[in-house]
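Below: one structure, written as structure tokens.
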Amino acid sequence: MARILALDYGKVRTGIAVTDELQLIASGLTTVETPKLLDFLKDYLQKESVEKFVVGLPKQMDNTESESEVLIQEFLKKLVTKFPSIPVERQDERFTSKMAVQSMLESGLKKKKRREKALVDEISATLILQAYLNRF
């Protein structure tokens, strides 16, 4: 079985998480500067088999699209063009950043480490992927 790879897409950085090969467990992989994201994915896909991309879907509390969705849509066009054989699904990402910070607090990370926005993005991607897995 191939992995599922999730993206918490951001204008500056993108958090990335993947499943194990049995698609049971979501784990943080890394955070990549967004302009380098497609190159990172190309390199990763040469080493690992990925069955599907799951991209966060930012929504407002009233269920309308977030402002960042415009940027995500532009990225999705590039993603589908570059990797046409890998389907893309979306997963609601409301509250993932807050949940990521809360999990960092609960795990006892020092304040300096909790300030690392890249780590928040990676944990957010993991939460997006876990929520996706929990749907099935």
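Values in this text are rule-based calculations from the coordinates and carry no lab data. As the structure is a prediction and not an experimental result, all values here were calculated from the model. When we count neighbours, we look across all protein chains shown, and the Cβ atoms used for this are built from the backbone with ideal geometry, even at glycine.
Overview of values
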quantity	calculated
Reachable aspartates and glutamates from K11, criterion Cα separation under 13 angstrom, eight or more residues apart if same chain	E33, E67, E69, E74, D121
Among beta bridges that DSSP assigns inside segment 1-73, antiparallel share in %, nearest 5	70
Local net charge near K42, Cβ-Cβ under 12 Å (Lys/Arg +1, Asp/Glu -1)	+1
